[in-house]
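To start, the structure itself, in structure tokens.
The values are calculated or read from the model by the stated rules, or taken from the named source; none is laboratory data. These figures come from a predicted structure and were not determined experimentally. As a convention, Cβ positions derive from the backbone with ideal geometry for all residues, glycine included, and neighbour counts pool all protein chains shown.
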Amino acid sequence: MITIAIRVRELVSSNVDSLVSKAGEPRKMLRLLQSEIEETLIALHGDAAKAKRQRERMEDSATRLSAAAEEWTGKAKIAIDHGREDLARAALLTREAERAKAADATAAAEALGKQIADAATVIADLEAKRTAIASRIAELAKAEMAAPAAAPAADTHVDRRIDRIEELERRAGFAEGAAEAPSPASLDDEIASLQQASAIEAELAALKAAAPAPAKKAAGRKGK
């Protein structure tokens, strides 16, 4: 995606009038630029389709992981009912780990969704640029037929469209790629770990309070 993003930035930011004024054969140069835009559009459509498939997989994974995580709560209760506090604690820790995996999968799906939206914006920008170039090619052809020696007139409409496309590119930030979120500070991680441990201990205490009385007491009463 990085190579395509750089190529997109160059294509979208290119000024048609400036290119035409510097080119020895303006129409030939514009046709080459138009062809390059079309090739980039094909690549972008392919990447967007791939990102959509990846997003669907991440969403499915998040759903499965979330459902599996909640099953560990019931397993922890079973362990408590049988007097196995150690197993119950391990089950609750496993549940939290699975919940974290589900959250990561959800975040990945959301990031892919943003990439898809950015790609759609850039595709629209490139298509607008392609349309502007096609119009300019037609204008140059007419100008050459009417007055071969005359310089092409400035096209303020094309300039306005190019300026708008450049602004959209800066606003979308597609060429730079999605910024990765910074990792949390070690202090935040440690505090979060303490909070999770406290929550698990509280849940264990609640499970123990709700657990039935140990079977050995009942057996003792029968022996008397």
*Here are A141, A120, A146: which of them is under 25 Å from Q34 (Cβ atoms), touching a residue at least 40 places away in the same chain (Cβ under 8 Å) and over 35 Å from the mean Cα position of the chain (by Cα)?*
A141
*Across region 128-138, what is the total count of residues that are within 13 Å of P26 (Cα to Cα) and exposed (fewer than 15 other Cβ atoms within 10 Å of the Cβ)?*
2
*For I37, are the conditions met, namely being part of a helix (DSSP H, G or I), at pLDDT below 95, farther than 25 Å from E127 by Cα and not charged (D, E, K, R)?*
no
*For the subset of region 1-29 comprising residues that are within 30 Å of I116 (Cβ to Cβ), of a type in the set (A, V, I, L, M, F, W, C) and surrounded by 15 or more Cβ atoms within 10 Å (Cβ to Cβ), which member is modelled with the lowest pLDDT?*
M1
*asked:* Just to check your reading of the model, which residue among A143, A79, A119 is part of a helix (DSSP H, G or I) and at pLDDT 90 or above?
replied: A79
